[in-house]
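Asker: Provided herewith is a single structure, encoded as C-alpha cells, for subsequent inquiry.
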Amino acid sequence: MPLNPTVARVTENIIERSKPARQAYLERMKAARDKGPARGHLSCSGQAHAYAAMGEDKEALAKGSAGNLGIVTAYNDMLSAHQPFERFPDLIRRAAREAGGTAQVAGGVPAMCDGVTQGEPGMELSLFSRDVIALATSVAMSHNTFDAAVFLGVCDKIVPGLVIAAQAFGHLPIVFLPAGPMESGLGNEEKAKVRQQFAAGEVGREALMEAEMAAYHGPGTCTFYGTANTNQMLMEFMGLHLPGASFVNPNTPLRDALTVEGAKRALSLSDLGNDYRPVCDILDEKAFVNGIVGLNATGGSTNLLIHLVAMARAGGIILDWKDFSELSSVTPLLARVYPNGLADVNHFHAAGGLGYMIGELLSAGLLHDDTMTVGGQGLGLYTKEPVLEGDGVVWREGTRESLNDKILRPVADPFQPTGGLSRMAGSLGTAVMKVSAVAPERRLVEAPARVFSDQDAVKAAFKAGELEGDLVVVVRYQGPKANGMPELHSLTPILSILQGRGQKVALVTDGRMSGASGKVPAAIHVCPEAKDGGPIARLRDGDVIRVDAQAGVLQILTEGWEDRPLPEPDLSGNEFGLGRELFATFRQAVGAADSGASIFGGGA
C-alpha cells in the first residue's frame, strides 16, 4: 500500500525542519562509534575497579573479547509496574553468559508513581523526574564500559527519560525490556463510579479503599490505557521492544523468555558483530512519525505530546504539535481501552493487540514499514506474536482479524475516522485535548470562566456548591515554570459529576491531565503558561471562553482582556517541602510544554 500523502508530507516536513540539528547529532554519534569499544582504553586500574565484583565473569571482561551489556533499571517495590524488575538482572546475566558475553547493572534510576502523588505536593516533581532519569541514566552509562545496553522501565516519566538518555548514547544498541501489565482486577468503570460516589459524599472512604485495592491488586502496570501503557505501545511502534513484548503479564514463562531474548538480542546488535543496530539509526524521523500515528490510533496519553517532543529533540529531531494534529486528521481510532472504553489492556492484547493494529495501519499506508528496529529491518515484523517453544521464544503470524470488535476495529470500520488528539489555538494560546473519550456533542463548550490558581480551590468551590450552570473551569499557574506542571487528574470526578448533572463543562489549564483524561473536555498544556505571562494569566471570573475541539479553537470572547495588568501571584507555596526546594533550578531552566518541557534546552 502506498504511503498516505499526509503521513509522507508530515514526515518530509519533520526531516527538512530537523536537518541541521539531526546532522550535528549523527556526526556526534559517528565520532562516538569510531572510538570503538571502550573497555580496552581504560587503564588497568580502571578496569580492575569495573570488574572487581564480577566473580565468574571477571576473566571474560578482562580479556575484552566478549560483549558487555549494561543494565539500567528503574526497579523499586513500591511501584507495582516496576516490582517485577527485581528478578530481571539475574535473568539478563544468565542470558549474556549463554550468548558468550557479560552483563552488569550499570545503575538505577528513580521511578515515581503519579497515582500515588496525584493531588499531593510530590506531584510537582513528577514531570521533572523525567529529566532526572535521563541524567541518572547518563551517569550510569558514563563509565563507558558497555557494548550494548538493556533499559528496564515502564511508567509515565521513566520510559521518556530513558529514551532521552538512550539518544545521548545513540551509538550503542539498546533494547527496552518491559515488565507487563498486572492481571485484570475490578473493572475500570466500576472503579470510576465509586470515585465519583466518594466525591459526591455518597460513599465513605472504606468503600473507596476497597474498590481501589480491588483494581490495583498485584505486580505489573496499571491496566487502564494511561501514560504507562501508552509508553509500551510507543516502544513497540518505534522498534525498541521485541515484537509483541509490551503486554505480556509479569512473572510468566513467556515474560521471562522475552527478557532473556531481549538481552541476547542487545548483545547481538553491538559493533562487535555483523549486525550493528544503534539507537541513533532506529530512532529516526520515520520512527517518531510511526509513534505519533500509534498514539492517535490507540487514543493514547496526552502526556506524550510533551514527552515525544523532548525524546525527539534529544536526537536532533524537531517535532511540532501541528505534526500531531495533522497526523490525527488521517489516523482512524482503532481501539477502545479505558478511559476510551470499558476494556483494559489485557482485553486489548487478547483481542489482537498491537500486532493487529500495526498490520491494519501498515495495510492502509499509515505507517513507515522501512524503519530499522531491534527486531530487524521493517515494522512488518511487529505484526507477529511471541510464543514459547521449549525454553525459548519464537514468533508466529498474529491475527489478521479483531477478536473483539468492541475493543479493536479495522481501518475500514474504525471507532472514529480521526485520531484521539486535537490541537487548539486562538487568543488564549495553544493547547491540546484528548478527544477519544469525549462525546462529539461535548467537544464544544462556550461558557463563563471560573478561574482558580490551584486544584484545591476548585474542590472547595465544588463542596460549597459554587460551580453552577455551564462553565469553563480555568486552573492556571500549573505550568512547568510555575510548579513543575502537575497532573490535575483528581479533578476528573468533580467535573464528571457536574457534567452528569447536565451542565456543559470544560477544563482549561496550563497543567497536565494525563493519560487518564476522561469524558470531560480538557484543554491542557496551555502555552504560553501563566507564569510566562500567557493570556491565561489575565483571565477573570465571568470571561466567556470558547473551547472547540472540533474546529481547533481556544478563544477568549470577552473584549478588553489584553489591557489588564499581569497579576503577581504568590507561588512560594510551591517552593518547599518534599524536595521541591531542590528543584528550583529546574523551574527556572525548563522550556515550554510545546517544546518538551525540558531542562536540556531542546536537546539539539
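Asker: Viscosity 0.890 mPa s, temperature 25 °C: what is the translational diffusion coefficient of region 116-203 from Stokes-Einstein with a Kirkwood Rh over Cα pairs, rounded to a whole number of µm²/s? Don't jump to the answer; show the numbers that get you there.
Answerer: Details: Rh = 15.8 Å.
D, rounded to a whole number, is 155 µm²/s.
Asker: Residue by residue through region 519-524, what is 3J(HN,Hα) from phi via Karplus (6.51 cos²θ - 1.76 cosθ + 1.60, θ = phi - 60°)? Round to whole Hz and write x for glycine and proline.
Answerer: Ordered by residue, 3J(HN,Hα) equals 8, 8, x, 10, 8, 10 Hz.
Asker: Compute the Cα gyration tensor for region 220-297, then decide on rounded, prolate or oblate, letting a ≥ b ≥ c be the square roots of its eigenvalues: rounded whenever a/c is under 1.5, prolate when a/b is larger than b/c in the other cases, and oblate in all that remain. Numbers along the way, then the final one.
Answerer: Details: a/c = 3.29, a/b = 1.15, b/c = 2.87.
Oblate.
Asker: Give me the three principal axis extents of region 371-491 from the C-alpha atoms, as integers in angstrom, largest value leading.
Answerer: 63, 34, 31
Asker: Show the residues, 5+ positions off or on another chain, whose built amide H is closer than 5 Å to the amide H of residue 154.
Answerer: 159
Asker: Next question. Post the alpha-carbon centroid distance, region 21-91 to region 101-125, in whole angstrom.
Answerer: So the two Cα centres are separated by 20 Å.
Asker: Among all the lysines, which ones have a C-alpha under 19 Å from residue 322's C-alpha, if same-chain residues fewer than 8 places away are not counted?
Answerer: 19, 286, 434
Asker: Same structure again: Write down Rg/Rh for region 421-569, rounded to two decimals, with Rg from the C-alpha atoms and Rh from the Kirkwood relation over Cα pairs.
Answerer: Working: Rg = 13.7 Å, Rh = 14.8 Å.
Checking Rg against Rh, the ratio lands at 0.92.
Asker: Tell me which lysines have Cα within less than 22 Å of residue 58's Cα, excluding those fewer than 8 residues away on the same chain?
Answerer: Filter leaves 264.
Asker: How big is region 339-431 along each principal axis, measuring the range of its Cα positions in Å and listing the largest first?
Answerer: 61, 32, 25
Asker: Which semi-axis lengths, in whole Å and largest first, follow from the square roots of five times the eigenvalues of the Cα gyration tensor of region 188-263?
Answerer: Working: eigenvalues 233, 41, 9 Å².
One finds semi-axes of 34, 14, 7 Å for region 188-263.
Asker: Could you pull out every residue, at least 5 positions away or on a different chain, whose amide H is within less than 5 Å of the one on residue 418? Hs are placed 1.01 Å off N in the peptide plane, and Pro or chain starts have none.
Answerer: For residue 418, the qualifying residues are 333.
Asker: Please state the relative contact order of region 421-569 as a whole percent: Cα pairs under 8 Å, 6+ residues apart?
Answerer: On the way: 346 pairs, mean separation 49.5, N = 149.
Here the relative contact order equals 33 percent.
Asker: If you don't mind, another one. Please state the relative contact order of the chain as a whole percent: Cα pairs under 8 Å, 6+ residues apart? Mind dumping the intermediate values first?
Answerer: Working: 1364 pairs, mean separation 92.4, N = 604.
Normalised by residue count, the contact order of the chain is 15 percent.
Asker: Run the helix sum for the chain: -39,500 (n - 2.57) per DSSP H stretch of 4+ residues, divided by residue count, reported at 222 nm to the nearest 500 deg cm²/dmol.
Answerer: Values: 21 runs with 217 residues, N = 604.
Counting only the DSSP helices, I get -10500 deg cm²/dmol.
Asker: Which percent of Cα-Cα pairs in region 70-109 sits in each 5 Å bin, short to long?
Answerer: So the P(r) values, bin by bin, are 6, 26, 28, 20, 12, 6, 2.
Asker: For helix 188-199, report the angle its Cα long axis makes with the longest principal axis of the Cα atoms of the chain; keep it between 0 and 90° and round to the nearest 10°.
Answerer: The two axes meet at around 40 degrees.
Asker: Can you check what the Kirkwood hydrodynamic radius comes to for region 203-333, Cα pairs only, in Å to one decimal? Mind showing how you got there, number by number?
Answerer: Details: mean 1/r = 0.0586 Å⁻¹.
Roughly 17.1 Å, rounded to one decimal.
Asker: Kindly express, to the nearest 10 degrees and within the range 0 to 90, the angle between helix 88-98's C-alpha long axis and the longest C-alpha principal axis of the chain.
Answerer: 30
Asker: Which angle between 0 and 90 degrees, to the nearest 10, do you get for helix 285-298 versus the longest principal axis of the chain when only C-alpha atoms count?
Answerer: Long axis of 285-298 versus the principal axis of the chain: about 50 degrees.
Asker: Please report, to two decimal places, log10 I(q)/I(0) for region 1-55 at q = 0.25, 0.27 Å⁻¹ as given by the Debye formula with identical point scatterers on the Cα atoms and no solvent.
Answerer: After summing over all Cα pairs, the log10 values are -0.95, -0.98.
Asker: Now for a separate question. Among 561, 321, 395, rank each residue by its count of other Cβ atoms within 10 Å, from fewest to most, as a rough exposure measure.
Answerer: Values: 561 15, 321 22, 395 19.
The most exposed by this proxy come first: 561, 395, 321.
Asker: Give me, ordered by chain and number, the residues 5 or more places off residue 371 or on other chains with an amide H under 5 Å from its own placed amide H.
Answerer: Close amide H contacts, sequence-distant or interchain: 378, 379.
Asker: Between region 355-419 and region 166-225, what is the C-alpha centre distance in whole Å?
Answerer: Going from one Cα centre to the other spans 25 Å.
Asker: Go through region 348-359 residue by residue and turn each phi into a ³J(HN,Hα) via Karplus (6.51, -1.76, 1.60, θ = phi - 60°); whole Hz please, and just put x for glycine and proline.
Answerer: Rounded to whole hertz, the list is 4, 5, 5, 6, x, x, 5, x, 5, 4, 4, x.
Asker: A further question follows. So what J values fall out for region 364-377 if you push phi through Karplus, 6.51 cos²θ - 1.76 cosθ + 1.60 with θ = phi - 60°, rounded to Hz, Gly and Pro as x?
Answerer: Result, ordered by residue: 9, x, 9, 10, 7, 8, 9, 7, 8, 9, 5, x, x, 8 Hz.
Read-outs: derived from the displayed coordinates by stated rules, not from any lab. Computed from a predicted structure; not experimentally measured. FYI the Cβ positions are ideal-geometry reconstructions off the backbone, even for glycines, and counts take in every protein chain you see.
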